[in-house]
Amino acid sequence: MKKVFNNAKEALSGLLKDDIFIAAGGFGLCGIPELLLNAIKESKVKNLTFASNNAGVDDFGIGILLQTKQVRKMISSYVGENAEFMRQYLSGELELEFNPQGTLAERMRAGGSGIPAFYTKTGVGTIIADGKEHKDFDGETYIMEKGLVADLSIVKAWKADETGNLVFRKTARNFNPPAAMCGKVCVAEVEEIVPTGSLDPDLIHLPGIYVHRLIQGDHEKRIEQRTLREVK
Amino acid sequence: MKKVFNNAKEALSGLLKDDIFIAAGGFGLCGIPELLLNAIKESKVKNLTFASNNAGVDDFGIGILLQTKQVRKMISSYVGENAEFMRQYLSGELELEFNPQGTLAERMRAGGSGIPAFYTKTGVGTIIADGKEHKDFDGETYIMEKGLVADLSIVKAWKADETGNLVFRKTARNFNPPAAMCGKVCVAEVEEIVPTGSLDPDLIHLPGIYVHRLIQGDHEKRIEQRTLREVK
Amino acid sequence: MAWDRNQMAARAAHELQDGWYVNLGIGIPTLVSNYIPKGIEVTLQSENGMLGMGPFPTEQELDSDLINAGKQTITELPQTSYFDSAQSFGMIRGGKIAMAILGAMEVSEAGDLANWMIPGKLVKGMGGAMDLVAGVGRVVVVMDHTNKHGDSKILKECTLPLTGKAVVNRIITNLGVLDVVDGGLKIVETADGVTKEELIESTKAKIVS
Amino acid sequence: MAWDRNQMAARAAHELQDGWYVNLGIGIPTLVSNYIPKGIEVTLQSENGMLGMGPFPTEQELDSDLINAGKQTITELPQTSYFDSAQSFGMIRGGKIAMAILGAMEVSEAGDLANWMIPGKLVKGMGGAMDLVAGVGRVVVVMDHTNKHGDSKILKECTLPLTGKAVVNRIITNLGVLDVVDGGLKIVETADGVTKEELIESTKAKIVS
């Protein structure tokens, strides 16, 4: 069962359709599956729903799919950096479901872990709680949030072996593991595929069982806010 | 804030009382906090409730606290290896709450993650579901299981740095991370404490935020079923 | 006449598909790993927290930090990964494990499974069995067709406390292979030297065709 | 007269206790890290998935894989650990983070906090703010006492959509420090050159003593 594909287009072959629900890893522009997003753009599938913490910027990340109007709905916690997003949202072209960041991450982890719903204090007493089931535990009120199961997950890791075991680097890990878990199929792009057996089994961040297809490629890894300290 | 203590007795100082609820890491005799269990035995505290996947054997692991009758209740998935356990259980001295193994692990992880309850398919239609809330999601029935929060967690890791960042080894990881998460206070015993900065930040299995106290010591690491293959 | 333990394991091994992640229970299911067909790559999960379970160790390889869910010492493979038990059962409940092959005390015609306790007898616990049968993609039971008294272990309804309700997909016994389908059990094949009639005769459950 | 941004941050830094894990919001809260008292060790969490956040990088240290929750490039420290966002918010919701220091648009006398949206204006999202205020051990708000129109940002009830209900423990403004207590707000101290009366005058919420 070969998981390694030649490029993003081949890795997504047969998986893309209009109207599907895609979970994407990444936080801001850090650790985003840029090659797979480009291939989705080129595929021209439309009416996509994305669960992704952010929506990229106008010309990078999920932003490129907003430019081409391939996205119908976003489930995100913060979309502030994307002007085209805001235009489409305010004009009613784009549906937006705000999830608190931790709730979004946990919904992905739950959906991938056979947990259809869980309770959290996050959002109690706010508009996020509207219409959600409330329940008290030990005198405190919680709301029920549902697990997310995506048709497809796209994630970015640093290294993989040929069986799909993934290793991430620094804060580029972020939403990638929970996003990978919640997909019925998960495609991962990495900077380097190493031979199976060259990763330490104790130091694998995401076991290959979650990863169905795999590509290696060059990444731009754009920096959103280049913030430096003065060196005296 | 110094986390490193000289020995198990000092590390548990002020934390042990009769009637407390302790979550313990380990699976079988693998990765169990043997030094801390010994110190709990010596402390003579009693009426303890333990959440632990197993109950050790008669003279190792939680079994040593059964010999001294310090345990009132076990929350476990499998207790087959312990004769004294069975004697006390059948005579009514010891209370036993069976949890499916995955439900137990998830209850610990949930309790440590601010999730008071979650739904699972595990146990639906069995005696485990008796008295538990049932709920349907997408036409399937699930039961509600509650997060566990322990007064104290005791875990065993391979290495730690001085800030309590933990690294585990092979299948000795098992229940240790979820058990550590669910304790109001967590004490960890390790085979080696290394200087802060000598662990790769990408390769820490459990961040030090979950670990309040720490000891280094020699471990017996007893093997329960020594199973060898024939070498031809 | 009929299959022995190894033949049952060999038959069960034909359930495996290339690329699958699989969980094998103790007893006959463990033997399945000896019969994995050529060209089929499967990865074995040990639910305490490991994917890519290797064979038992040599004396030199023996490692107290490396055991399987049956608490036996084992070894790792090039593709092995370790993780904690919450993650391990996350992948089980989440349906990431394609198949579990398990032993059983009783299976009902509705696919109910009983394999963890006998009332009045020493109860050891369900371990991970309830999670496995509720979560994995496909549950295959491998067991003797009858108990030591010669009574069918395949029943209209289980008499023992359940491990899971309507969870079994296929039953492989010394007498043959049955699928749990709408309305009852369907005979898939009979063991060497066993007739369909003998199989039906030995089965205390509804057989549909 | 009154505290400036840096004085507010310095005052907020006195809320820190040795050994605490703390989350600092953007704006004035970020400045708090410049004023951590001597002898106090605190570990800063970045909720995207990091404990032990270091200062901004030099040109040479710049790393696109290393950013904070405000998407700024940062550095790591000897005690740093990385983890995924589900784990990160697990520790937030689970109360493992001792304190969050956050900015606010409005705080009510009951400790309600509004800091994420203004109806009719561009809504960027709540990010991790709702999780933080619901989960961490203690929430300290640092903000200007009044808005640009001179109106109190401390109110009987918030007019903006809430980030959390009854979540704020302490408010530090340019005019002083107030605690949320039973029945209203209690003045803890006033800023340099600010009288108690001036503070009360500027506050549109019930002050209790």
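Quick notes
- Label zone at residue A:228 (point 7 Å along Cα-to-Cβ), backbone N below 12 Å, segment D:61-89: D:61-63
- Across the identical copies, the 7 Å label point of residue A:7, projected outward along Cα→Cβ, sits 6.7 nm from its counterparts, in ascending order.
- Look at where the Cα atoms of segment D:142-161 and of segment B:211-232 average out, and the two centres are 59 Å apart.
- Cα pair count fraction exceeding 30 Å, expressed as % - chain B: 25 percent
- Take the Cα of residue C:186, step 7 Å toward its Cβ, do the same at residue C:118, and the gap between the two points is 3.4 nm.
- Antiparallel DSSP beta bridges within chain D, as percent of all bridges there, nearest 5: 50 percent
- Calculated from backbone phi, Karplus (6.51, -1.76, 1.60) coupling profile of segment C:78-88 in Hz, x at Gly/Pro: x, 8, 4, 9, 10, 7, 7, 5, 5, 5, 4
- Ordering A:205, D:14 by the number of other Cβ atoms within 10 Å of each residue's own Cβ, fewest first, gives D:14, A:205.
- For chain B, the longest principal axis of the alpha carbon atoms and the long axis of helix B:34-43 meet at an angle near 80°.
- Counted by neighbouring Cβ atoms within 10 Å, the residues D:195, A:126 run from fewest to most as D:195, A:126.
- Within-9-Å neighbourhood charge of residue B:162 [Cβ basis; K, R +1; D, E -1]: +1
- Residues with amide H under 5 Å from that of residue B:175, placed H, sequence gap 5 or more: B:26, B:27, C:85
- Segment D:5-201, relative contact order in percent, only Cα pairs under 8 angstrom and at least six apart counted: 18 percent
- Amide H contacts of residue D:36 (H built 1.01 Å from N, in plane; Pro and chain starts excluded): no residue 5 or more places away or on another chain comes under 5 Å.
- Other-copy label distances relative to residue D:186, 7 angstrom Cα-Cβ extension, nm: 7.3
- Long-range amide H partners of residue C:138 with built H, under 5 Å: C:99, C:100
- For segment C:5-201, the fraction of alpha-carbon pairs lying more than 31 Å apart is 17 percent, rounded to a whole number.
- In order along segment A:154-161, the phi-based Karplus estimate (6.51 cos²θ - 1.76 cosθ + 1.60, θ = phi - 60°) of 3J(HN,Hα) comes to 10, 9, 10, 10, 7, 10, 9, 9 Hz; Gly and Pro are listed as x.
- Between segment C:82-134 and segment B:1-74, the Cα center-to-center distance that results, in Å: 28 Å
- Between copies, residue C:197 shows label-point distances of 11.1 nm, shortest first, with the point placed 7 angstrom from Cα along Cα to C-beta.
- Here the spin labels are modelled as points 7 Å beyond Cα on the Cα-Cβ line, and at residue D:6 and residue B:91 they lie 7.3 nm apart.
- The HN-Hα couplings worked out from phi for segment A:75-89 by the Karplus form 6.51 cos²θ - 1.76 cosθ + 1.60 (θ = phi - 60°) are 10, 8, 9, 7, 10, x, 8, 10, 5, 5, 3, 5, 4, 5, 5 Hz, whole numbers, x standing for Gly and Pro.
- Those lysines that a straight Cα-Cα span of less than 22 Å connects to residue A:2, excepting residues fewer than 8 apart in one chain: A:156, A:159, A:184, C:38, C:96
- 0 to 90° range, to nearest 10: angle between helix B:101-111 axis and chain B longest Cα axis: 70 degrees
- Taking a quarter of the surface of the Cα convex hull of the protein assembly as shown gives a mean projected area of 38.4 nm².
- All other residues whose Cβ lies under 11 angstrom from that of residue B:218 are scored, Lys and Arg at +1 and Asp and Glu at -1, for a net of -4.
- The ranking of C:132, B:199, A:96 by Cβ neighbour count inside 10 Å, starting from the fewest, reads A:96, B:199, C:132.
- Helical content of chain B, expressed as a calculated mean residue ellipticity at 222 nm, amounts to -5000 deg cm²/dmol (DSSP H runs of 4 or more residues, -39,500 (n - 2.57) each, divided by residue number, nearest 500).
Read-outs throughout are calculated quantities, based only on the coordinates presented, and are distinct from any laboratory measurement. Remember, predicted model here, so these are calculated numbers, not experimental data. Note that each Cβ is placed from the backbone with ideal geometry, even for glycine, and that neighbours are counted across all protein chains shown.
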